[in-house]
Amino acid sequence: MKRKFIQSILKYLAKLILWRYSPLVIGVTGSVGKTSTKEAIYAVLKKQFRVERNIFNLNTEIGMPLTIIQGKDAKRNILTWFYNFFHSLWLFIYKSKNYPEILILEMSEDAPGTIKYLVDLAHPKIGVITFIGDPPVHLKYYKNINHFIEEISYLPQRLLLDGSFIFNADNHLVLGLKEETMAKTVSYGFDEKADVKITNYKLVDIGNDLRKAGMSFRLEYKGSFVPVRLEGVIGKPQAYALAAAAAVGLALEMNLVEIAEAMKDYQIPTGRTKFIPGDKGSWILDDTYNACPDSVLAALDLIKEIKAKRRVAILGDMKELGDSSKQAHELIGEAVSESVDVFIAVGEEMALAKDVIIEKNLKIEVFWFENSDEAKKSVKKMIQKGDLVLIKGSRAMEMEKITKEVLL
């Protein structure tokens, strides 16, 4: 009851602020890569425009309106809620010259109806869909994957003729949404037919200090191209996020040189493909924010490209996959066996991946722990000098506990 009451007040206040300031709204959604893409767009635009985005995971019916009214994440703090309400009224009455001219709003798809609610509230002029997994995160809350895609498709459907729909050309489930909009369409990806094309991708500076490891690639658009080289930003998922940001910049009449220069300010969000020095001279690839089959496979592909004494994958359950969970975890078991030397499974569902490896007599070391608290007691002893350790799992698995345990 209290949540519904706060939600309705926030919706009303957010509508007032949007009417008062009329910012250009960029809506970002998808089952994978939303936050990285939002942050990449912010990095590209912030030198040219007054721009703001929702921070952390404030992307729901409560969080997104808080971003619009420039409020604070109050949780259960009554005083902070009073601050939010009075601050938004002040913004409405006394027009601020500092209010953003562009809002980048990440939109959660964690339950049916959420995208519709957020799109109808914010009315984006530019819509970005990053990726739809098969199966996607949160599938548990939908009838099936078609029901999930129907939810996501509401964003391009509501874009107007003068708007832009920016989408991943390499994901067939997203590609099919191109026909759902009347807006201008701009695709991005590695595919030859992508409008904003990523070419010449490679990892760079893979030396003794993996914090400096990065990537280089070329962005091509309508016969023009620009090289991009970044330190501390690594992996194809990050290249996708930056290509989406480039497409947004182009839609707002920036040129490729300006876009590539702005990308130098991009930083990978916490808990996503970030190298951290570990105990005993090991390196940790911290990717603990969340997990689904596509993001786990991408992380495994990344560590395969990096030389190491041993590659270790510590993987927790991938939650909210519904009826697809068993098949998805078994798929990860097969992929793990081709990518690492040691596999540490955490959780009841990831035990299915462990079982695949054991049943097929695949030649890697395998261990299993019931939860992250149990795992962290033993993992530190198992890490050896020179190991490259991937740690990943759904938020509910609290895999960051293991990361903290094996840090220097």
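The values are calculated or read from the model by the stated rules, or taken from the named source; none is laboratory data. What you see is a predicted model, and the numbers here were worked out from it, not measured in a lab. We place every Cβ from the backbone using ideal geometry, glycine too, and count neighbours over all the protein chains shown. Calculation scope for accessible area: heavy atoms of the full protein, side chains included, ligands and nucleic acids excluded. Shrake-Rupley method; radii C 1.70, N 1.55, O 1.52, S 1.80 Å.
Whenever a residue of segment 307-327 is under 14 Å from LEU352 (Cβ atoms) and touching a residue at least 24 places away in the same chain (Cβ under 8 Å), its partners that are open to solvent by less than 10 Å² (accessible area, probe 1.4 Å) and polar (S, T, N, Q), lying with C-beta atoms within less than 6 angstrom and at least six residues away or across chains, give the pairs ASP317/SER394; MET318/SER394; LYS319/SER394. Restricting segment 78-94 to residues that are of a type outside the set (Val, Ile, Thr) and over 31 Å from the mean Cα position of the chain (by Cα) leaves a set whose member that is nearest to LEU16 (Cα to Cα) is PHE92.
Results for (1) at pLDDT 95 or above; (2) among the acidic types (Asp, Glu); (3) more than 28 Å from TYR289 (Cβ to Cβ), shown as yes or no for each residue.
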residue	(1), (2), (3)
LYS11	yes, no, no
GLU39	yes, yes, no
ILE62	no, no, no
ILE69	yes, no, no
ARG76	no, no, no
HIS87	no, no, yes
TYR94	no, no, yes
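The condition of being within 28 Å of the chain's Cα centre (by Cα) and farther than 25 Å from LEU139 by Cα does not hold for ILE62. One residue is enough: does segment 188-208 have a residue meeting the conditions farther than 24 Å from TYR117 by Cβ, under 18 Å from the mean Cα position of the chain (by Cα) and surrounded by 18 or more Cβ atoms within 10 Å (Cβ to Cβ)? Within segment 188-208, one or more residues are farther than 24 Å from TYR117 by Cβ, under 18 Å from the mean Cα position of the chain (by Cα) and surrounded by 18 or more Cβ atoms within 10 Å (Cβ to Cβ). Per this entry, GLY113 is not counted among residues that are in contact with a His (Cβ under 9 Å, 6 or more places away or on another chain) and farther than 19 Å from LEU175 by Cβ. Against the definition (open to solvent by less than 10 Å² (accessible area, probe 1.4 Å) and either in contact with a Pro (Cβ under 7 Å, 6 or more places away or on another chain) or on the phi < 0 side of the Ramachandran plot (or both)), how does ILE126 come out, yes or no? Taking the combined requirement at face value, the residue satisfies it. Contact map, segment 279-304: residues that are closer than 11 Å to ALA335 by Cα and at pLDDT 95 or above paired with residues that are assigned to a helix (DSSP H, G or I) and open to solvent by 10 Å² or more (accessible area, probe 1.4 Å), Cβ distance under 6 Å, separation 6+ or inter-chain. Pairs shown: LEU297/ALA335; ALA298/PRO237; LEU300/ALA335. Considering GLU305, GLU349, GLU334, the condition of being closer than 12 Å to LEU388 by Cβ and of a type outside the set (Phe, Trp, Tyr) is satisfied by GLU305 alone.
Return the residue satisfying two criteria in turn: it lies in segment 209-224 and is touching a strand residue (DSSP E or B) at 6+ places or on another chain (Cβ under 8 Å) and not charged (D, E, K, R), and of such residues it is most open to solvent (accessible area, probe 1.4 Å).
Restricting to residues being touching a strand residue (DSSP E or B) at 6+ places or on another chain (Cβ under 8 Å) and not charged (D, E, K, R), the top hit is TYR221.
Taking segment 75-109 only, how many residues are among the aliphatic types (A, V, I, L, M) and more than 16 Å from LYS11 (Cβ to Cβ)?
So in segment 75-109, the residues among the aliphatic types (A, V, I, L, M) come out as 78-79, 89, 91, 93, 102-105, 107.
The next check asks that each one be more than 16 Å from LYS11 (Cβ to Cβ); those that pass are 78-79, 93, 102, 104.
Of the residues in segment 75-109, 5 are among the aliphatic types (A, V, I, L, M) and more than 16 Å from LYS11 (Cβ to Cβ).
Do we have VAL137 as of a type outside the set (Gly, Ala, Ser) and touching a Cys at 6+ places or on another chain (Cβ under 7 Å) here? Against the criterion (of a type outside the set (Gly, Ala, Ser) and touching a Cys at 6+ places or on another chain (Cβ under 7 Å)), VAL137 qualifies.
Checking each residue in segment 225-251 for being more than 21 Å from the chain's Cα centre (by Cα) and buried (at least 17 other Cβ atoms within 10 Å of the Cβ) picks out VAL226, LEU250, ALA251. Return the total of residues in segment 289-299 being open to solvent by 10 Å² or more (accessible area, probe 1.4 Å) and either part of a loop (DSSP other than H, G, I, E, B) or of a type outside the set (Ser, Thr, Tyr) (or both). Total meeting the criteria: 5.
Filtering segment 276-288 to residues that are surrounded by fewer than 21 Cβ atoms within 10 Å (Cβ to Cβ) and among the β-branched types (Val, Ile, Thr) leaves only ILE276. Residues being at pLDDT 95 or above and hydrophobic (A, V, I, L, M, F, W, C) are entirely absent from segment 376-385. I'd like to know if segment 170-180 contains one or more residues that are open to solvent by less than 20 Å² (accessible area, probe 1.4 Å), closer than 22 Å to ALA308 by Cβ, in contact with a Pro (Cβ under 9 Å, 6 or more places away or on another chain) and assigned to a helix (DSSP H, G or I). No, segment 170-180 contains no residue that is open to solvent by less than 20 Å² (accessible area, probe 1.4 Å), closer than 22 Å to ALA308 by Cβ, in contact with a Pro (Cβ under 9 Å, 6 or more places away or on another chain) and assigned to a helix (DSSP H, G or I). Highlighted here are the strands (runs of 3 or more DSSP E) found entirely within segment 304-408 that include at least 1 residues which are surrounded by 15 or more Cβ atoms within 10 Å (Cβ to Cβ), in contact with a strand residue (DSSP E or B) (Cβ under 9 Å, 6 or more places away or on another chain) and of a type in the set (Asp, Glu): 387-392.
Could you tell me whether segment 134-150 includes any residue that is open to solvent by less than 50 Å² (accessible area, probe 1.4 Å) and closer than 20 Å to ILE68 by Cβ?
Looking through segment 134-150, none of the residues is open to solvent by less than 50 Å² (accessible area, probe 1.4 Å) and closer than 20 Å to ILE68 by Cβ.
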